Amino acid sequence: MSLLFELPEVPAVPVLGEEARYPVRRIFCVGRNYAAHARELGNAVDREAPIWFTKAPAALCHSGTAIAYPPGTQDCHYEMELVVAIGGHGFELAAEQAMDLVYGYACGLDMTRRDLQNAAKAKGYPWDTGKDFENGAVIGPITRADAFGQPGEQRISLAKNGETKQEAPLSEMIWSLPELIADLSRLYHLAPGDLIYTGTPAGVGPVAPGDRLEGRVEGLEPVVLAIDPA
Ligand code: MN
């Protein structure tokens, strides 16, 4: 089959200790998965169902990049998140089977044009322009699941210009990783290349030109992002 034009190569994430990279097929994200963060945005905390949204693979941005301040916003926020990289096929999984699908973990930033998201939310419109934009899905190198171990009391944190802004144990998630993966597998046929951004703890806030973000999860490589000076 011939194509009319070439597309950019599929984005792919480095894996610790591997020559080959992890190619990205889809990016799923969950909202309001830490109670204190849901409250800080004025949302009810409930366990009705996880709130899913997506970003296009074209939104992927590698750790260590310096980006321009994103267009179309006056209030771009960082959200530090644990990212799960799926490595197997699964559909309608039980929570007990869900962790078998995990290839590895990475630190990620769910960058958010909060002003656009809030305006959309207020009108009951989709969040897409607030969430899915170029360089909006930042990711550090992937650590394989067997090297990381079981997610639990490891701390997730974010520092802006050296000052800690977010910090919580992964165990504060409202929906656990097995529950998230099982729920998502009822909506999509999960497959290798699917990333899941698992929500952010309290302490989200704005970035400005010249800022440097460094996000960490104990046991993983950090994610670093710089915003170009004005
Ligand atoms: Mn988020």
Next on the checklist: So, THR129, is that one polar (S, T, N, Q) and either crowded, with 24+ Cβ neighbours inside 10 Å or within 16 Å of the ligand (Cβ to nearest atom) (or both) or not?
Outcome noted: yes
Checklist outcome for this item: Residues of region 36-51 being more than 18 Å from GLY205 (Cβ to Cβ) and more than 11 Å from the ligand (Cβ to nearest atom), in sequence order, are ALA44, VAL45, ASP46, ARG47, GLU48, ALA49, PRO50
Next on the checklist: I'm checking my understanding of the structure. Among residues of region 204-216 that are within 16 Å of the ligand (Cβ to nearest atom) and touching a Ser or Thr at 6+ places or on another chain (Cβ under 8 Å), which one is farthest from GLU48 (Cα to Cα)?
Outcome noted: GLY215
Next on the checklist: Looking at region 88-105, can you tell me whether even one residue there is within 16 Å of the ligand (Cβ to nearest atom) and among the hydrophobic types (A, V, I, L, M, F, W, C)?
Outcome noted: no
Checklist entry - In region 50-64, is there at least one residue being at pLDDT below 95, part of a loop (DSSP other than H, G, I, E, B) and not hydroxyl-bearing (Ser, Thr, Tyr)? => result yes
Checklist entry - Looking at region 98-106, is at least one residue more than 26 Å from PHE148 (Cα to Cα), surrounded by fewer than 17 Cβ atoms within 10 Å (Cβ to Cβ) and modelled with pLDDT of 95 or more? => result no
Item to check | Search result, residues across region 151-185 that are buried (at least 17 other Cβ atoms within 10 Å of the Cβ), of a type outside the set (Ser, Thr, Tyr) and part of a strand (DSSP E or B) | outcome: ILE156, LEU158, ALA159, LYS160, LYS165, GLN166, ALA168, MET173
Item to check | In region 105-123, the residues that are in contact with an Asp or Glu (Cβ under 9 Å, 6 or more places away or on another chain) and in a strand (DSSP E or B) | outcome: ALA106, CYS107, GLY108, LEU109, ASP110, THR112, ARG113
Checklist entry - Could you list, in sequence order, the residues of region 80-95 that are touching a helix residue (DSSP H, G or I) at 6+ places or on another chain (Cβ under 7 Å) and surrounded by fewer than 23 Cβ atoms within 10 Å (Cβ to Cβ)? => result GLY87, GLY88, GLY90, LEU93, ALA94, ALA95
Next on the checklist: Suppose we filter region 172-196 for residues that are within 30 Å of ALA66 (Cα to Cα), touching a Lys or Arg at 6+ places or on another chain (Cβ under 8 Å) and within 16 Å of the ligand (Cβ to nearest atom); how many remain?
Outcome noted: 1
Item to check | Selection within region 1-40 - closer than 22 Å to PHE133 by Cβ, among the aliphatic types (A, V, I, L, M) and touching a residue at least 24 places away in the same chain (Cβ under 8 Å) | outcome: VAL10, VAL13, VAL24, ILE27, VAL30
Checklist outcome for this item: Subset of region 12-35, residues among the small types (Gly, Ala, Ser) and in a loop (DSSP other than H, G, I, E, B), comes to GLY17, ALA20
Next on the checklist: VAL84 - would you say it is at pLDDT 95 or above, of a type in the set (Val, Ile, Thr), closer than 26 Å to ARG155 by Cα and within 16 Å of the ligand (Cβ to nearest atom)?
Outcome noted: yes
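Conditions tested, residue by residue: (1) part of a strand (DSSP E or B); (2) closer than 25 Å to THR164 by Cβ; (3) small (Gly, Ala, Ser).
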| position | (1), (2), (3) |
| --- | --- |
| HIS37 | no, yes, no |
| ARG47 | no, no, no |
| PRO70 | no, yes, no |
| ALA85 | yes, no, yes |
| LEU93 | no, no, no |
| TYR125 | no, no, no |
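The values are calculated or read from the model by the stated rules, or taken from the named source; none is laboratory data. Fair warning: this is a prediction, and the values are worked out from it, not measured in the lab. Glycine gets a Cβ as well: all are built from the backbone with ideal geometry, and neighbour counts include every protein chain shown.
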